Amino acid sequence: MAATLGFLFGAAWSILTFPFRLVFGVMALLGRLTGVAVGFTLMVVGMALGAGPFFLIGIPIFLVGLLLTMRSLG
């Protein structure tokens with residue numbers, strides 16, 4: 001009897017919290033996608049600056065973009 005009651009409360013709790021878990025999951029996914037997009041953009045800009053005379057600025061920008069991208073993917 002107690003196991004059935006526990007299962008019912010667990011199922012009800014799962015159903016009630018599903019919209020919140022869904023919203024927070026979508027927010028986390030959008031955050032990761034934004035991090036990947038910004039990181040990739042910084043990598044491209046860093047390589048473009050690193051190929052020219054501004055390599056002292058380009059290399060750190062590339063590394064920041066690389067770290068941001070890796071952090072967002074992992």
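The values are calculated or read from the model by the stated rules, or taken from the named source; none is laboratory data. Everything numeric here is computed off the predicted structure, so don't read it as measured data. In this analysis, Cβ positions are derived from the backbone assuming ideal geometry, glycine residues included, and neighbour counts consider all displayed protein chains. Just the protein is used for accessible areas: all its heavy atoms, side chains included, with ligands, DNA and RNA removed. Shrake-Rupley method; radii C 1.70, N 1.55, O 1.52, S 1.80 Å.
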3J(HN,Hα) from dihedral phi, region 19-26, Karplus parametrisation 6.51/-1.76/1.60, rounded to Hz, x for glycine, proline: x, 5, 5, 5, 5, 5, x, 5
Pairwise label distance in nanometres, Val64 with Ala51, each label 7 Å out on the Cα-Cβ vector: 2.1
Protection proxy ranking of 50-63, 24-37, 5-18 - average other beta-carbon atoms within 10 Å, highest first: 50-63, 24-37, 5-18
Rounded percent of accessible protein surface that carbon and sulfur make up, the chain, 1.4 Å probe: 86
For region 35-47, 3J(HN,Hα) per residue [Karplus equation, 6.51 cos²θ - 1.76 cosθ + 1.60, θ = phi - 60°, Hz, x = Gly/Pro]: x, 5, 5, 5, x, 5, 4, 5, 5, 5, 5, x, 5
Surface accessible to a 1.4 Å probe, per residue, for the residues of the chain, Å²: 79
Size-normalised alpha-carbon gyration radius of region 1-69, reference 2.2 N^0.38 Å: 2.07
CD proxy at 222 nm, helix term only [per DSSP H run n ≥ 4: -39500 (n - 2.57); per residue of the chain; nearest 500]: -34000 deg cm²/dmol
Separation between Cα centres of region 13-46 and region 52-72, rounded to whole Å: 22
Distance (nanometres) between label positions extended 7 Å along Cα→Cβ at Phe18 and Arg71: 3.5
